[in-house]
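The values are calculated or read from the model by the stated rules, or taken from the named source; none is laboratory data. As the structure is a prediction and not an experimental result, all values here were calculated from the model. Quick reminder, even Gly has a Cβ in these numbers, built from the backbone with ideal geometry, and neighbours come from all protein chains shown.
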């Protein structure tokens, strides 16, 4: 470490210039990284809906109708004109309306009333359309231009377009709120007005490089784009704080700044490495998710932690030595409040703390595993046009979610039986297929391809099932199951289904399996790092119980408040909270171990809490601020839920580390001593 430190210090100007150049290149490169808002793309390749989508893209030209467009106060003829104009918009695929299910040459009074009212009601026309993936913003803007202020759009395309439009402004808004808060927190914790700028510069450079290096990946998910940069900043600021605090301490011992930095790098290296390692391995667990939004975020966070570590150990020492005089010129008085006495207070509460936490631990564990979950992006806020449009269409026509079935082509009699069975299912409003739209009498080979191409490809027959339910929940998922079972009875595993509710049903099944894998991997990998760090069997156990308690309590709150939780947020946070906040427990336990070698357990814990509570509170305050600001600024339910859980989780972890961890260290002191290699604990004579 000393020889590396010498080289960094010797070439400090070259190091700073190199990092600044990398950061500038990365800043430009990040604009060429595309952001993917389509959750379907992150399902594993062997998922049923993924296979079905691939087949349909090969076999049929038209896509699944996933968006509804309402036009007010129009006659049948005007509605047909709007249908033609919608079809003419570049990127709009299939447009389904009343004329596709009813012969408009006959009076509407003769037709089935429910069927008619699914598409045309009180002079309002409702079209089901498919929108080309990737161009949602431009296409929905063109639709709005056509239908005017009175028209409305609801569905997957407008939700995606709204998220894309808001993403940039929301990230900027979050940064504008967050940076001043972090600077304020850091000013309170330092004795120099300029020192927080050094912290933020070091981590900011690594964040920019991380964003730019995504160009080698090609694209990132919307979750990664929104969460990763801010999360990287929050979890790795501690590394910079460790180094510069150590540098300040050594400057009191030597007048040579370079020597002070060399000693600081040597001293802080183990602490920063241990802190980075637990976070690194925690985030590695996310990369094992089959639902690839998790692995996409995991790769970015792992890359971010490595780059933050390199930036703090290489760039920050060089940068600090070039500008340390600014730190000297901008000194201010110490704002740190005295925490003397908190150790004595906590030590007195050790038994009540243990009893209280263990009393709520079992119900919290059971509650967090029984929370109601959502799996999609959900509805847009009512304050947005997309949100108000959804309500307008729902009030006028109710909800409609199409499911598309692809079955082997050939046996039209079997197809007729299946269609009839599907038409009799609860919540199914209409079924569009060749056998009930055109009929069995006329073979498709005798008709023009323009009529048959919507129903038949070379190998498959396509059936569209319209339901009057939403995209997810118990009823929509039960409809998907019934449709799949009906198709299986006739065609076995050769029948394929797709649509938004089918995709969300697949996501539900995939992430439920991911939950077990990710949680086990997170705990095991962090336990191994803690085992190596403390050379103890009991200390990793005590630390993991402390932080896992905070995770379970955090995730149980939605159950007790009867508020559904976005499952992707739940899955990610169960890993991120553990990985990001276990550092608090490491910091306190390392200091306690050092003190325990010189004094009794009670005195050691009191001294540790008096000295370290403030440092832990600064880390928790930064991470909590990041979480709550993400929650407040993001309209995306996945990003918002991650923010809320992160903000609340950081505060809960702080409380657990300050109250539960000291209690366990005191109560299990003898057991810890026996199960720790070369503990060398002080013994009173």
- Residue match in the range 502-515 (condition: crowded, with 21+ Cβ neighbours inside 10 Å, touching a helix residue (DSSP H, G or I) at 6+ places or on another chain (Cβ under 7 Å), without any contact (Cβ under 8 Å) to a residue 24 or more places away in the chain and not in a strand (DSSP E or B)): no
- Hits in the range 434-464 (condition: within 22 Å of residue 99 (Cβ to Cβ), in a loop (DSSP other than H, G, I, E, B) and at pLDDT below 75): 438, 439, 440, 441, 442, 447, 448, 453, 454
- Please indicate, with yes or no, whether at least one residue in the range 502-514 is farther than 30 Å from residue 56 by Cβ and within 26 Å of the chain's Cα centre (by Cα). no
- Among 659, 614, 628, 668, which is in contact with a helix residue (DSSP H, G or I) (Cβ under 8 Å, 6 or more places away or on another chain), under 23 Å from residue 529 (Cβ atoms) and surrounded by fewer than 24 Cβ atoms within 10 Å (Cβ to Cβ)? 668
- Tally, over the range 634-643, of residues that are assigned to a helix (DSSP H, G or I), touching a helix residue (DSSP H, G or I) at 6+ places or on another chain (Cβ under 7 Å) and surrounded by fewer than 24 Cβ atoms within 10 Å (Cβ to Cβ): 1
- Item | Residue within the range 57-78 that is part of a helix (DSSP H, G or I) and within 29 Å of the chain's Cα centre (by Cα) present | yes
- Within the range 61-75, of all residues that are over 24 Å from residue 117 (Cβ atoms) and touching a strand residue (DSSP E or B) at 6+ places or on another chain (Cβ under 6 Å), the one surrounded by the most Cβ atoms within 10 Å (Cβ to Cβ) is 63
- Looking at this structure, is residue 32 at pLDDT 90 or above and either in the same structural domain as residue 218 (by TED's automatic domain parsing) or surrounded by fewer than 14 Cβ atoms within 10 Å (Cβ to Cβ) (or both)? yes
- Message: Pull out all pairs, ordered by first then second residue, where Cβ-Cβ is under 7 Å, the residues are six or more apart or on different chains, the first lies in the range 331-353 and is over 11 Å from residue 614 (Cβ atoms) and not assigned by TED's automatic domain parsing to the domain that holds residue 602, and the second is modelled with pLDDT of 90 or more and part of a strand (DSSP E or B).
- Response: none
- Task: Can you confirm whether the range 77-89 contains a residue that is at pLDDT below 90, surrounded by 18 or more Cβ atoms within 10 Å (Cβ to Cβ) and over 16 Å from residue 160 (Cα atoms)?
- Result: no
- If you scan the range 392-433, which residues turn out to be assigned to a helix (DSSP H, G or I), loosely packed, with under 15 Cβ neighbours inside 10 Å and within 36 Å of the chain's Cα centre (by Cα)? 395
- Task: Quick one: residue 553 ticks every box in (1) more than 14 Å from residue 286 (Cα to Cα); (2) surrounded by fewer than 18 Cβ atoms within 10 Å (Cβ to Cβ) except a single one, so which number is it?
- Result: (2)
- Task: Return yes or no: is residue 654 assigned to a helix (DSSP H, G or I) and either in contact with a helix residue (DSSP H, G or I) (Cβ under 8 Å, 6 or more places away or on another chain) or crowded, with 21+ Cβ neighbours inside 10 Å (or both)?
- Result: yes
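Rundown of residues vs (1) out of contact with any helix residue (DSSP H, G or I) (no Cβ under 6 Å at 6 or more places or on another chain); (2) closer than 29 Å to residue 604 by Cβ, yes/no style:
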{"site": "549", "(1), (2)": "no, yes"}
{"site": "553", "(1), (2)": "no, yes"}
{"site": "557", "(1), (2)": "yes, no"}
{"site": "563", "(1), (2)": "yes, no"}
{"site": "568", "(1), (2)": "no, no"}
{"site": "575", "(1), (2)": "no, no"}
- Task: Specify which of the listed residues (587, 544) is surrounded by fewer than 21 Cβ atoms within 10 Å (Cβ to Cβ), touching a helix residue (DSSP H, G or I) at 6+ places or on another chain (Cβ under 9 Å) and in the same structural domain as residue 641 (by TED's automatic domain parsing).
- Result: 544
- Note on the structure: Filtering the range 201-217 down to residues that are in contact with a helix residue (DSSP H, G or I) (Cβ under 8 Å, 6 or more places away or on another chain) and either at pLDDT below 90 or more than 22 Å from residue 324 (Cβ to Cβ) (or both) yields 207, 208, 209, 210, 211, 212, 213, 214, 215, 217
